[in-house]
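Asker: I am attaching a structure below and will ask some questions about it afterwards.
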């Protein structure tokens, strides 16, 4: 077995390099017969998983009515339903990341396990036996599903807030609005300028965190409002540096403000901003170190990734379960066509 293992690996890599038509021709040449039971898509397995997670709470994806009846069964075993309210038919995977999935549930789970380990795209593709573009696409489909989780995060108790900055990156873009920068070359403008994206961050002592790309350059009170409104509990203690944008935000949301001077003691009793500074270090290690920089257009998804797995302690089961109830179907063009600078405030 050890002698043929390298040959199998070579054949698999060559097979994965073929287009869909060539793969079918190769399989036919060796006498392989396709069957629905052995389909690599594994739709019936995905359907069973969705039925297990949704239970009796099956609703029409169009009108949200729960007055649905069983309608038919596809050849691959997928159950189809009909809504008695609007008359439309649907499958459970509709408007989820599983809709029209060309890979099976076992591969998706393996891919999620790789995300827990922060696998790079090529390693994830190799582990799962999928193409590089498919690996990229599924990474962002899964990360998009975390947005609903983070939308519900509410910070209470002692909340530390500070901003961090990333150089604008057009990694992967075919046309640049400026001259290309070599890796490691500093920005042409010193300090906080429109060449850096501002990411306001807030964490509490329970491991909850909120962060999002907001604007270019220095943060303002309106930027804090755009990122944190609805995410901070009234009466929380808001610890920050001495930036003038924080007092107004704290007053509007009835927070107890404690500001730490950069040129004075780093703590005021139990109050400091060391946790949020450690958060900055962790996200920078992941984005700039492990992944060697990411395009600014996808930076929010990597913030979600870090918040869920690294800071919030999310589990593989929690993420997999989330895929069953997240109704934000994303197509490839929806992911690729995102704005290069996902700012909450116009530059």
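Asker: Taking 0.36 nm per intervening residue step and subtracting the Cα-Cα distance, what contour gain separates residue 340 from residue 295 on full extension?
Answerer: Gain on extension, residue 340 to residue 295, equals 15.4 nm.
Asker: If you restrict to DSSP beta bridges whose two residues both lie in the chain, what percentage is antiparallel, to the nearest 5?
Answerer: Around 75 percent of the beta bridges assigned by DSSP in the chain are antiparallel ones.
Asker: Using the alpha carbons of the stretch 118-263, what is the convex hull volume per residue in cubic angstrom, as a whole number?
Answerer: 157 Å³
Asker: Can you tell me which of 312, 87, 282 moves the most in a GNM of the chain? Springs connect C-alpha atoms under 10 Å apart.
Answerer: Evaluated over the chain, the most mobile residue of the options is 87.
Asker: Now a separate question. For the stretch 244-289, what does the equivalent ellipsoid look like in terms of its semi-axes, each the square root of 5 times an eigenvalue of the Cα gyration tensor, given largest first in whole Å?
Answerer: In descending order the semi-axes read 24, 15, 10 Å.
Asker: Further, regarding this structure: Work out the FRET efficiency for residue 205 and residue 254 from their Cβ-Cβ distance, taking R0 = 25 Å, and round it to the nearest 0.05.
Answerer: Efficiency computed from Cβ-Cβ geometry: 0.80.
Asker: How big is the shadow of the Cα convex hull of the chain, averaged over all directions, in nm²?
Answerer: Hull-based average projected area comes out at 23.3 nm².
Asker: Take the chain, connect every pair of alpha-carbon atoms lying under 10 Å apart with a spring to form a Gaussian network, then pick out the residue of 319, 11, 54 with the largest mean-square fluctuation.
Answerer: Sorting by GNM fluctuation, first place goes to 11.
Asker: I would also like to ask the following. Given labels modelled 7 Å from the Cα in the Cβ direction, how far is it in nm from residue 284 to residue 56?
Answerer: Reported label-point gap for residue 284 and residue 56 is 5.4 nm.
Asker: Let me ask another. Could you work out how much longer the chain between residue 194 and residue 25 gets when fully extended? Use 0.36 nm per residue separation minus the Cα distance between them, nm to one decimal.
Answerer: Answer, rounded to one decimal: 55.6 nm.
Asker: Could you check the simple spin-label distance between residue 85 and residue 154, using points 7 Å along Cα→Cβ, in nm with one decimal?
Answerer: A separation of 2.6 nm, rounded to one decimal place.
Asker: Using a Förster distance of 30 Å, how high is the FRET efficiency between residue 315 and residue 32, based on the Cβ-Cβ distance and rounded to 0.05?
Answerer: 0.20
Asker: At 222 nm, what value in deg cm²/dmol follows for the chain if DSSP H runs of at least 4 each add -39500 (n - 2.57) and the sum is divided by all its residues, to the nearest 500?
Answerer: -10000 deg cm²/dmol, from helical runs alone.
Asker: How tilted is helix 5-16 with respect to the longest principal axis of the chain? Cα atoms for both, answer in degrees (0 to 90, nearest 10).
Answerer: 80 degrees
Asker: Going 7 Å from the Cα of residue 63 in the Cα-to-Cβ direction, what parts of the stretch 92-134 have a backbone nitrogen less than 19 Å from that spot?
Answerer: 92, 94-95
Asker: For residue 132 and residue 332, calculate 0.36 nm times their separation in residues minus their Cα-Cα distance, and state this gained length in nm to one decimal.
Answerer: Numbers: separation 200, 0.36 × 200 = 72.00 nm, distance 1.34 nm.
Fully extending the segment from residue 132 to residue 332 adds 70.7 nm.
Asker: Quick one: helix 132-145 against the long Cα principal axis of the chain, what's the angle to the nearest 10°, folded into 0 to 90?
Answerer: Tilt of helix 132-145: around 60 degrees.
Asker: Working from Cα positions, state the angle (0 to 90°, nearest 10) between the long axis of helix 316-325 and the longest principal axis of the chain.
Answerer: The two axes meet at around 70 degrees.
Asker: At a threshold of 8 angstrom on Cα-Cα distance, excluding pairs fewer than six apart, so keeping six or more, what relative contact order does the chain reach in percent?
Answerer: In percent, rounded to a whole number, it is 19.
Asker: Let me ask another. Report the residue, chosen from 31, 217, 289, that carries the largest GNM mean-square fluctuation when the chain is represented by alpha-carbon nodes joined by springs under 10 Å.
Answerer: Top of the fluctuation ranking is 31.
Quick note: the coordinates plus some simple rules give every number you see, no bench work behind them. None of these values were measured; they are calculated from a predicted model. Cβ: placed from backbone, ideal geometry, glycine included. Neighbour counts: every protein chain shown.
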